[in-house]
């Protein structure tokens, strides 16, 4: 099946979407982009020319372009404040919708989008591309195997001096809302645990070029007494970590270190005597399926596969709102200075 798609939001992020659709083996030939929408018509026209989308309808009015092209899919790449209206419009036109993150600007808005998708009988999913990288899949497999014993804690550091310019530098809670969602979703996915509560301290470090909230420290309580410690900053110059963070994951039998790129160290206890027990190296398993390790392309392919199979994709909004709940609980904790319970009812 070749899906017909309209892409809304033709800024810098759209290039990654269109490149994946036109170049990646998982996607080539599966989607025909029939429309491009942006408030700035010249951006839509420029993207159409850049990717050779001859015949694609370019416009500034999403409703009109959807009515003219009658697509199967809407790709939502707009800025977060515009997301809800774009998703609701796409669903009203019987489109399956794949959105950039965050899926909504509040939990109430997220729940409303889930209800709208359910009412329309269409899929709404979110681009959580960090789930679809080899390292995250390998860590999940290692934890599930029991090789490091009973999971005790996940600990990550995210420190990057990122000079985006544009809307991010004027956002509230910029790190937690725009970036930490990736890391929090990865922790939830890798651990297989349910987030229950959080205490968070949010700051805007000296020298920050962001208006608000460029750094945060958060302690999440997960089910089964698992703790997730997050330390992050988008205004940290001098020693960038990976975009995927640096991780230390501790179990009852051992520990795995991951640099967020290609380097793993995993050791478990090999003896029962001595002040420090003897250790032995263990392998971190390779991903079971290579198709799940291509980031953005794998998210898109998973979305298309789910539609064809009549099932929900891995990053369906019904699941992703659970990670969004972590974000908003952390923001509320930072605002109040109190530990905040993550109400699982928010995620239904």
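The values are calculated or read from the model by the stated rules, or taken from the named source; none is laboratory data. Since this is a predicted model, take the numbers as computed values, not measurements. Please note: Cβ atoms are built from the backbone with ideal geometry, for glycine as well, and neighbour counts cover all protein chains shown.
Summed over region 236-248, the residues that are over 12 Å from residue 184 (Cα atoms) and surrounded by 22 or more Cβ atoms within 10 Å (Cβ to Cβ) give a count of 1. For region 326-333, the criterion of being modelled with pLDDT of 95 or more, in contact with a strand residue (DSSP E or B) (Cβ under 9 Å, 6 or more places away or on another chain), not assigned by TED's automatic domain parsing to the domain that holds residue 31 and not in a helix (DSSP H, G or I) is satisfied by no residue at all. Of everything listed in (1) touching a strand residue (DSSP E or B) at 6+ places or on another chain (Cβ under 6 Å); (2) modelled with pLDDT of 95 or more; (3) within 30 Å of residue 186 (Cα to Cα), the single unmet condition for residue 120 is (1). Looking at region 147-177, which of its residues are farther than 17 Å from residue 321 by Cα and in contact with a helix residue (DSSP H, G or I) (Cβ under 7 Å, 6 or more places away or on another chain)? Within region 147-177, 148, 151, 154, 156, 158, 168, 171, 173, 174 qualify. If you check residue 180 against the conditions, is it closer than 15 Å to residue 326 by Cα, at pLDDT below 95, surrounded by 22 or more Cβ atoms within 10 Å (Cβ to Cβ) and in the same structural domain as residue 335 (by TED's automatic domain parsing)? Against the criterion (closer than 15 Å to residue 326 by Cα, at pLDDT below 95, surrounded by 22 or more Cβ atoms within 10 Å (Cβ to Cβ) and in the same structural domain as residue 335 (by TED's automatic domain parsing)), residue 180 qualifies.
Taking region 123-161 as the range and being in contact with a strand residue (DSSP E or B) (Cβ under 9 Å, 6 or more places away or on another chain), under 18 Å from residue 75 (Cβ atoms) and assigned to a loop (DSSP other than H, G, I, E, B) as the test, the residues that pass are 123, 127. Against the test of being over 25 Å from residue 314 (Cβ atoms) and at pLDDT 95 or above, the options 90, 12, 55, 35 yield a single qualifying residue, 35. Residue 89 meets the conditions (1) in the same structural domain as residue 181 (by TED's automatic domain parsing); (2) in contact with a strand residue (DSSP E or B) (Cβ under 9 Å, 6 or more places away or on another chain); (3) within 28 Å of residue 176 (Cβ to Cβ) in every case but one. The failed one is (1). Residues that are in contact with a strand residue (DSSP E or B) (Cβ under 7 Å, 6 or more places away or on another chain) and not in a strand (DSSP E or B) were ranked within region 268-277; the one that is farthest from residue 142 (Cα to Cα) is 277. Condition first: under 20 Å from residue 209 (Cα atoms), outside any strand (DSSP E or B) and in contact with a helix residue (DSSP H, G or I) (Cβ under 9 Å, 6 or more places away or on another chain). Now tell me which residues in region 219-267 satisfy that. Within region 219-267, 234, 243 qualify. Taking (1) free of Cβ contacts under 8 Å to residues at least 12 places away in the same chain; (2) farther than 30 Å from residue 105 by Cβ in turn, residue 311 satisfies each apart from (2).
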